[in-house]
Amino acid sequence: MGRAAEQLAKRRGATVTAVCSAAKAADVLAQGADRIVDRGEDLVRTLGRASVDVVMDLVGGAQFPQWLDLLRPGGRYAIAGAIGGPIAEIDLRTLYLKDLSLLGCTFQEDEVFENPIEYVERAEVRPVVSRTYPLAEIALAQEAFPDEGAHRKAGARPTRPRCLREHPATAAAGQVVGEASCSRSAAPRLVEASPTSAAGRAAPALAGIEISHWLSRRRDASR
């Protein structure tokens with residue numbers, strides 16, 4: 001998620017300062033970060049109070065108050081994880097005196113899923129996947145995940161389900177297009193493509209996004 005946030009921010013022209021461990025610094029810089037700050041540093045002392053416009057936090061924990069101190073008046077703080085700890089202390093005066101916006105990131109509108117797929121297809125962002133597995137070997141992928149490193153991701157590659165058929169225009173190129181003969185409510189639309197194409201390189205990530213999107217719709221429909 002951190003690498004994705006970094007690339008999406010760079011795509012919008014932001015200057016990106018990434019907070020990570022020394023072991024991940026080279027990889028994070030390679031993804032486009034402009035500056036690295038070690039996770040153990042005092043963020044306010046290193047970056048300066050009121051020095052950033054937006055904070056994207058995937059960790060939470062004890063550093064939470066420092067993030068708010070880093071924000072300029074009118075700044076925005078978004079969080080999508082709490083592996084550093086779910087409990088944090090906040091000085092409410094910082095929140096209202098600086099007119100800050102705090103955002104939780106879980107459910108998003110449809111275009112939040114659709115837009116990144118288009119960015120990947122246009123090679124504007126690149127999913128960081130170190131290895132892919134057939135969907136039937138998903139258990140092996142989960143077992144291998146810790147060895148891949150937290151800054152790398154393993155992808156599951158779905159086989160073509162029966163409800164997909166080859167599109168005549170792309171069959172010669174060895175591509176399978178998600179043109180389903182079954183309804184969307186019955187099964188997710190999975191996409192596979194030639195491994196030499198941009199879509200093929202992104203297929204594991206795209207399939208994961210599509211499946212997640214379908215599951216969220218199914219949950220909504222069951223409520």
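The values are calculated or read from the model by the stated rules, or taken from the named source; none is laboratory data. What you are looking at is a predicted structure, and each value in this text was computed from that prediction instead of being measured. Note that we place each Cβ from the backbone using ideal geometry, even for glycine, and neighbour counts take in every protein chain shown.
Tabulated values for the structure
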item	result
Residue within the stretch 49-70 that is without any contact (Cβ under 8 Å) to a residue 24 or more places away in the chain and of a type in the set (Ser, Thr, Tyr) present	yes
Test: ARG93 is under 26 Å from SER130 (Cα atoms), surrounded by fewer than 16 Cβ atoms within 10 Å (Cβ to Cβ) and not hydrophobic (A, V, I, L, M, F, W, C)	no
Those residues of the stretch 69-78 which are buried (at least 19 other Cβ atoms within 10 Å of the Cβ) and among the aliphatic types (A, V, I, L, M), in sequence order	LEU70, LEU71
In the stretch 85-143, the residues that are out of contact with any strand residue (DSSP E or B) (no Cβ under 7 Å at 6 or more places or on another chain) and of a type in the set (S, T, N, Q)	THR94, THR106, GLN108, ASN115, GLN142
Every residue from the stretch 19-45 that is of a type in the set (S, T, N, Q) and loosely packed, with under 15 Cβ neighbours inside 10 Å	SER21
Failed item in (1) under 30 Å from ARG72 (Cβ atoms); (2) hydrophobic (A, V, I, L, M, F, W, C); (3) outside the structural domain of GLY75 (by TED's automatic domain parsing), with LEU97 passing the rest	(3)
